[in-house]
Every structure is written in C-alpha cells, then in structure tokens.
C-alpha cells in the first residue's frame, strides 16, 4: 500500500515537474549561447545547424524560421535599458548607433510575433528609411500616438517586442564585447 | 523520513527525464511549425512568392515586413535540386532549412558574388554520386548538402523603402527551383 502510494506520488510529481519545466523554458524563451548588448539579446547559433535543443523546440512550437547565420543576426528586446517591460501605452525612445551592417531593419511585434495594425502601415524602419541628424545618429519614438520624426506606432497594445535585424554583418558567434556592437539605447519617456 | 526523501529524489530525477524528452520530442510533435504552415501554400519543388507580410495575415511569426519572400518546399527523393535566383538591387539572401526548421545554410548576394545565385542542393548520398572530375570542372558550381530529404529554401529580397517593394517582388518572381533528372 505504501509502495503504491509512494510510486503514484512520485510519478505525479515527476510529470508535473517535467512538463512544467518544459512549458516554462519554451514560453519564456530559454536558449543558450546568447549575446546580450544592453537590452538587446541575440542567439546567432540559432541560425545554424548548431542550434541548441531548447531553441529548436521553441522554433518548432512557434512556427517561426530563425534568421540564418550567413544572412544576418536578429536582436530581440522586451524591456528598456532600465528593465521596464515594453508597454504599448507608454512612450519609449530608441537612439544612438548600430553595429556595422550592410542593411538593418527594426520591427515592432506583439509578444507572439504578429504585426500591429495601424493607420499609417508602419511596422518598423529600415536603415535607408530612417531620418538621421547631422552626425548620423537617429532617434525612434515608439509611442501610441503620432510623434514628429521617426514614429513607430504601438497601437496601444499591452506588451510589445522589438526586433533589430542586421543583414550582412560581422556581428555573430564570435562577438563578445559591447564595443564591437554598439546597439541603440532604449529609454522610457513616460506613460 | 529517509524513505520519503528517496521518493522525492526519484520524482525529481524522473521529472528531469520527462523534461528533457519532451523538449527533444517537440520538433517532431509540433503541428504548427513553419513547414506545416507553408505546406498548403506551396507545391513541392516549385518556387512560390509569398503574399506580403501584413498585420493580421502573417504566415509565420516574426517575419520581417521589409522583405519580399519566396519559398521552395523541396523533396530531394527524385534527385538533386537546382536553384536559380536573380539578385535584387538592394539585398537578397537564400536560407536553407530542414524539415524541422533548422537553418543549416545561408548565403547572401555579396557572398554569392554574381548577379544570380546558382546552387545545387542534394543529399549526402546524391553528392557522393557526383563524378569527381565533374565537380572540379564546375569549380564555380556551388553544391549544398541537405541533412534531410525534405525542407525549405527561403529566398528573401529587401525593399529598402516601402515604395521599392514591387522591385523586390519582381526580382523574386523569376527565381526557380527544379529537380534535375539524372
């Protein structure tokens, strides 16, 4: 009787622990070998045959196709530099410089990776579209309501994700320091 | 007391096994992976331009809306595949994915170094059958080995400004992928 109770208890706990850990890691996006620059995180290895099992499982679950290593690298940000989660009802400013790349794009998504509908059909900017100041720097204002300059509308959604993709770049697995890859700073300006 | 601890230890160990095996099984079990999403839209071994990435009509999550995309869903069981892709004015890349969405090879227009990207995709077994002298004479023939018989070739052309999207789509329209009968 004790044995039966014990093994049932063990199996239940094991199933709960195992499935819970899988669910947590796949929904929170745990992947190894990440490259962090400020609030930006990239997993260059996920775009190669060396992709780790967690990233493989995540990609299969979400249905996305990772950016290939010979193509470019994608940096994801879910918070500003101070750790404030991106809220579409607040205003954030992104400014500074980017690592060297032939082209880059920045895109705003829902946490599930969908685009946010808006009246001006603006989901992001490319390196060619962005308006820069005299010394080549730029500022993007991510806000629910129209702003002058580079305005990226949030549609007022509860939470959003920014993805910065560098195409044809030297940034990748071998990148270690922030000096090699100065990513733009993100700052919350108010809600 | 000791017995209770042993049960808990067994539970944790077993839980670890459950966790690892579910993570490893996920790619096989996933019903909504990229290949499954593209299968109804793309006939096999044909280059198909995808509709523009628009809010509410995304085929896959986290697609870059600045790009025009074309997909060739391949099956190499009938022989090696030839890919011919003209390069657009801005930036073009080709990424090869396995059936389970692993990006095993990617190349961009500059690395390809010509006005058209030309590649031969084959399995390791098919590569072994290519006569050696042929491979040498065709030095500029780029051969890619696919680890799986089925997979996806994704061709992406950048529209540096939204007004240039028709140009990017035009460049992809003439891209081809076809089985080469032996």
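The values are calculated or read from the model by the stated rules, or taken from the named source; none is laboratory data. Just so it is clear, the structure is predicted and the values come from calculations on it, not from any experiment. All Cβ positions, even for glycine, are placed from backbone atoms using ideal geometry, and neighbour counts span all protein chains on display.
Here is a yes/no grid of residues against (1) closer than 24 Å to residue B:66 by Cβ; (2) modelled with pLDDT of 90 or more; (3) outside the structural domain of residue B:71 (by TED's automatic domain parsing):
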{"residue": "B:123", "(1), (2), (3)": "no, yes, no"}
{"residue": "B:140", "(1), (2), (3)": "no, no, no"}
{"residue": "B:150", "(1), (2), (3)": "no, yes, no"}
{"residue": "B:168", "(1), (2), (3)": "yes, yes, no"}
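Yes/no per residue for (1) within 25 Å of residue A:185 (Cβ to Cβ); (2) touching a strand residue (DSSP E or B) at 6+ places or on another chain (Cβ under 9 Å); (3) at the interface with chain B (Cβ under 7 Å from one of its Cβ atoms); (4) not in a helix (DSSP H, G or I):
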site: A:3; (1), (2), (3), (4): no, no, no, no
site: A:24; (1), (2), (3), (4): no, no, no, no
site: A:33; (1), (2), (3), (4): yes, no, no, yes
site: A:41; (1), (2), (3), (4): yes, yes, no, yes
site: A:45; (1), (2), (3), (4): no, no, no, no
site: A:55; (1), (2), (3), (4): no, no, no, no
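Hey, any hits in the range A:86-95 for a residue that's touching a strand residue (DSSP E or B) at 6+ places or on another chain (Cβ under 8 Å), closer than 24 Å to residue A:175 by Cα and either at pLDDT below 85 or assigned to a loop (DSSP other than H, G, I, E, B) (or both)? Scanning the range A:86-95, I find no residue that is touching a strand residue (DSSP E or B) at 6+ places or on another chain (Cβ under 8 Å), closer than 24 Å to residue A:175 by Cα and either at pLDDT below 85 or assigned to a loop (DSSP other than H, G, I, E, B) (or both), so the answer is no.
Please determine whether any residue of the range B:126-134 is surrounded by fewer than 22 Cβ atoms within 10 Å (Cβ to Cβ) and within 14 Å of chain A (Cβ to nearest Cβ). No, the range B:126-134 has no match at all.
A quick yes/no check of all residues on (1) modelled with pLDDT of 90 or more; (2) in contact with a helix residue (DSSP H, G or I) (Cβ under 8 Å, 6 or more places away or on another chain):
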site: B:99; (1), (2): yes, yes
site: B:106; (1), (2): yes, yes
site: B:115; (1), (2): no, no
site: B:146; (1), (2): yes, yes
site: B:154; (1), (2): yes, no
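Within the group B:2, B:87, B:23, B:12, which residue is closer than 30 Å to residue B:175 by Cα and either surrounded by 15 or more Cβ atoms within 10 Å (Cβ to Cβ) or at pLDDT below 95 (or both)? Exactly one residue qualifies, and that residue is B:87. Each residue in the range B:10-52 was checked for being more than 9 Å from every other protein chain (Cβ to nearest Cβ) and over 18 Å from residue A:60 (Cα atoms), and 12 pass. Against the condition farther than 16 Å from residue B:46 by Cα and in a helix (DSSP H, G or I), how does residue B:157 come out, does it pass? The answer is no for residue B:157. Would you please name the residue that is farthest from the chain's Cα centre (by Cα), looking only at residues in the range B:26-58 that are in a helix (DSSP H, G or I) and surrounded by fewer than 17 Cβ atoms within 10 Å (Cβ to Cβ)? The qualifying residue farthest from the chain's Cα centre (by Cα) is B:29.
Residues checked against (1) free of Cβ contacts under 8 Å to residues at least 40 places away in the same chain; (2) under 30 Å from residue A:145 (Cα atoms); (3) touching a helix residue (DSSP H, G or I) at 6+ places or on another chain (Cβ under 6 Å); (4) assigned by TED's automatic domain parsing to the domain that holds residue A:186:
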site	(1), (2), (3), (4)
A:1	yes, no, no, no
A:21	yes, no, yes, no
A:59	yes, no, no, yes
A:68	yes, no, yes, yes
A:87	no, yes, no, yes
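On the given criteria, is residue A:105 in contact (Cβ under 8 Å) with a residue 60 or more places away in the chain, under 14 Å from the mean Cα position of the chain (by Cα) and facing chain B (nearest Cβ under 7 Å)? Considered against the rule, which asks whether it is in contact (Cβ under 8 Å) with a residue 60 or more places away in the chain, under 14 Å from the mean Cα position of the chain (by Cα) and facing chain B (nearest Cβ under 7 Å), residue A:105 comes out as yes.
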